[in-house]
Amino acid sequence: MTCKDARYELPDFVRRKPADESAVTVAAHLEQCTSCRSELEQFRSLLMDLETVKPPSLSHSVDWASVLPRVHERIEKQRSFILPEWVQRFALPLAAAIAVALFVIKVIPLSTSDSFADLQATLQQLAPEELQDVAQQQSIAEIVEPASQDEQAITSDADTAVLKNILTDENNRSSVADLDHETLLQSLDEQEASDLVSMLEQASMN
Amino acid sequence: MAPKTDLELVDDFRRGHVEGFNELVRRYQEKVYWIARRVVGSHDDADDIVQDVFVRVYRGLKDFRSESGFYTWVYRITVNLSLNAIRTKRVKDFLRLDDVEEPAYDGNDGQPDSAILQDEYKAVLERAIDRLPPKQKLVFMMRYFDEIPYEEMAKILSKSVGGLKANYFHALKKIQEYVRRELNS
């Protein structure tokens, strides 16, 4: 037995309440360990002194007969505040569903807006010549052509027409060259910008 | 006729006889009170905890699993609520702006010097116990005052027997050091 193990047994050893047969082992250790014997004497003195505070100074008398009625009173009081069981059962799944819905509505659009901002940043870095090359691609016209009636709401007809003219008109190259990139980009919605980048990639590969 | 066991009373309650619960309250109210009182110190807090404990028992008896023993279960609820009460009290004390008045020293009441010294020494010991960290204090109380076997304590507190012995030892060392420091100052 180590000194550490022996010392953890000392309080019980002093009070003659060994947890098990370890008392014999502790006694054997004490016979050969002066340090632990010294610790034992200190504990003996302290534990004897602690008897004076046992039981702790408790001056208040307790009305035991009143406990049970007060317990029932509290049960009744709390019962009126407890939600019906079906509400308790569905409260957590409902809260989780609301949290997921909020996440989908708020967080995911934010992340796509971020990617749209990235696209805008990429396009702003293009030189006017590169934009001109893109404009020569006939297919670019399809980009600005609304795919369906529903999507017309995304970009106003007037904006679409202006952009289409700028990008497809062979005679308007100077306009493209002088084009303010920010104005151009602001005219594009997310899908249009994404398609424009694809076009740029294709153009660079060709 | 032999009194019903705890588990028989629990079964009575589960079958709809509230008297089973009432008997359990009467059987354990004092024990619960003293556990709480020793941990939290004040009568009012302990009295409040007793009621909370039995309200929880009432609500939990339906799902109570008998293998842990009714008293062990009640003891654990009491310990948890008592420790919570201490934490809440500490937060309240921390947030309280007005200072707590120190009790004024009322001088020698005509007691002999040895009696005064004895009282002062006892007060130092009580303060030493009171200043133990809550969980260590609880282990000390359970072992020293209630003499609960380590194995039972381990079930109540979900700790190992070895850990509890170490905790009890260190609690006593802290009391010893506090007393020594106070007497030397």
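When segment B:72-113 is limited to residues that are among the hydroxyl-bearing types (Ser, Thr, Tyr) and open to solvent by less than 80 Å² (accessible area, probe 1.4 Å), the one that is modelled with the lowest pLDDT turns out to be B:88.
Just the residues that are open to solvent by 70 Å² or more (accessible area, probe 1.4 Å), more than 9 Å from chain A (Cβ to nearest Cβ) and not in a helix (DSSP H, G or I), please, taken from segment B:122-154. B:131 - this is the single residue of segment B:122-154 that is open to solvent by 70 Å² or more (accessible area, probe 1.4 Å), more than 9 Å from chain A (Cβ to nearest Cβ) and not in a helix (DSSP H, G or I).
Would you confirm, using the coordinates I've provided, whether residue A:53 is modelled with pLDDT of 90 or more, within 9 Å of chain B (Cβ to nearest Cβ) and buried (at least 18 other Cβ atoms within 10 Å of the Cβ)?
Numbers: modelled with pLDDT of 90 or more: no; within 9 Å of chain B (Cβ to nearest Cβ): yes; buried (at least 18 other Cβ atoms within 10 Å of the Cβ): yes.
Criteria not met by residue A:53.
Here is a list: A:80, A:22, A:113. Which entry is loosely packed, with under 10 Cβ neighbours inside 10 Å and either under 49 Å from the mean Cα position of the chain (by Cα) or at pLDDT below 85 (or both)?
Details: A:22 fails: loosely packed, with under 10 Cβ neighbours inside 10 Å; A:113 fails: loosely packed, with under 10 Cβ neighbours inside 10 Å.
Just one listed residue meets the conditions, A:80.
Filtered by the rule that a residue be over 18 Å from residue B:142 (Cα atoms), assigned to a helix (DSSP H, G or I) and open to solvent by 50 Å² or more (accessible area, probe 1.4 Å), segment B:166-185 gives B:177, B:180, B:181, B:182, B:183, B:184. Is it the case that some residue within segment B:155-170 is among the aromatic types (Phe, Trp, Tyr), in contact (Cβ under 8 Å) with a residue 40 or more places away in the chain and at the interface with another protein chain (Cβ under 9 Å from one of its Cβ atoms)? No: segment B:155-170 contains no residue that is among the aromatic types (Phe, Trp, Tyr), in contact (Cβ under 8 Å) with a residue 40 or more places away in the chain and at the interface with another protein chain (Cβ under 9 Å from one of its Cβ atoms).
Only one entry of A:32, A:42 meets the criterion of being within 11 Å of another protein chain (Cβ to nearest Cβ) and either free of Cβ contacts under 8 Å to residues at least 60 places away in the same chain or in contact with a Pro (Cβ under 7 Å, 6 or more places away or on another chain) (or both), and that entry is A:42. Across segment B:26-71, the number of residues qualifying as closer than 15 Å to residue A:63 by Cβ, crowded, with 16+ Cβ neighbours inside 10 Å and of a type in the set (Lys, Arg) comes to 1.
Please give the number of the condition residue A:68 fails out of (1) within 7 Å of another protein chain (Cβ to nearest Cβ); (2) modelled with pLDDT under 90. For residue A:68, the exception is condition (2).
The values are calculated or read from the model by the stated rules, or taken from the named source; none is laboratory data. Source: prediction; values computed, not measured. Here the Cβ is made from the backbone with ideal geometry for all residues, glycine too, and neighbour counts use every protein chain on show. To get the accessible areas, we keep the full protein, side chains included, count just its heavy atoms, and leave off ligands, DNA and RNA. Shrake-Rupley method; radii C 1.70, N 1.55, O 1.52, S 1.80 Å.
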